[in-house]
Amino acid sequence: MAGLLIAFEGADASGKSTQARRLAQRIGATLTFEFGATPVGSAIRSILLDPAHTSMDDRAEALLVIADKAQHVAELVGPALARGETVISDRFTASSTAYQGYGRGLDRAVIESIMDFATHGLRPDLTVLLDVDLALARERLGDDIDRIEGAGAEFHRRVRDGYLELAAADPDRWLVIDAGGSVEQVAARVDAAVDSWLAANR
């Protein structure tokens with residue numbers, strides 16, 4: 001595929017959606033998100049996030065999340081990259097490894113294998129991780145939380161640790177950005193880091 005895929009990752013309330021949208025506007029990229037960017041994905045999202053689904057098995061959750069990725073790549077991401085576009089996705093494959101692998105404790109090798117099947121092996125050229133203190137993230141969320149946001153502090157600690165481990169293992173394709181401070185302060189960090197990466201890699 002001829003295009004460039006940049007993913008934004010991070011904890012809920014890290015500001016990744018805001019920063020992904022901002023960067024897409026600045027560099028003229030196609031903006032998308034997971035999960036729920038397609039009609040099929042939207043139906044999956046409503047099931048995944050409904051707080052009433054307290055009995056959902058962790059494996060069922062993982063399979064639903066990855067099913068969304070399959071549709072996302074088939075319907076939106078793959079065609080855009082084939083047209084040579086730069087695509088910025090608010091979450092992509094690393095979120096499943098972090099949330100369902102590290103967070104839920106499922107076999108990460110199995111998750112990676114299923115994701116490769118779902119996405120035809122597609123991985124981001126660059127992943128921007130917005131790392132935020134979990135107490136600050138919880139404060140930003142407020143009281144209106146979905147099923148995954150309400151999974152508990154220990155779950156979210158494992159997710160954050162997982163993200164940082166993934167970033168440390170592949171420093172050429174990950175940027176870790178301090179997500180504390182104002183939107184403008186974080187944006188300045190994102191712009192500087194991404195522009196430097198693009199200059200070195202494109």
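FYI, it's all coordinate maths here, none of it is from the lab. These figures come from a predicted structure and were not determined experimentally. Quick reminder, even Gly has a Cβ in these numbers, built from the backbone with ideal geometry, and neighbours come from all protein chains shown.
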Within segment 4-42: backbone nitrogen closer than 18 Å to the Ala200 label point (7 Å, Cα to C-beta): 5-7
Theoretical ellipticity at 222 nm over the chain - DSSP helices of four or more residues, -39500 (n - 2.57) apiece, nearest 500: -15500 deg cm²/dmol
Charge context of Gly41, other residues only, Cβ under 9 angstrom, K/R +1, D/E -1: -1
Reciprocal of mean inverse Cα separation for segment 4-201 (Kirkwood radius, Å): 16.9
For the chain, size of Cβ-based charge dipole, Lys and Arg +1, Asp and Glu -1, in debye: 400
Amide N proximity, segment 1-20 versus Ala82 label position 7 Å along Cα-to-Cβ, cut-off under 13 Å: 1-3
Least to most buried among Ile177, Ile66 (fewest other Cβ within 10 Å first): Ile66, Ile177
Fewest-first ranking of His156, His53, His72, using other Cβ atoms within 10 Å as the exposure measure: His53, His156, His72
Neighbour-count ranking [beta-carbon atoms within 10 angstrom, fewest first] of Asp191, Asp50, Asp12: Asp50, Asp191, Asp12
Leu134-Glu165 FRET efficiency (beta carbon distance; Förster radius 22 Å; 0.05 resolution): 0.90
Label-point separation, Ala188 to Val40 (7 Å along Cα→Cβ), nm: 4.4
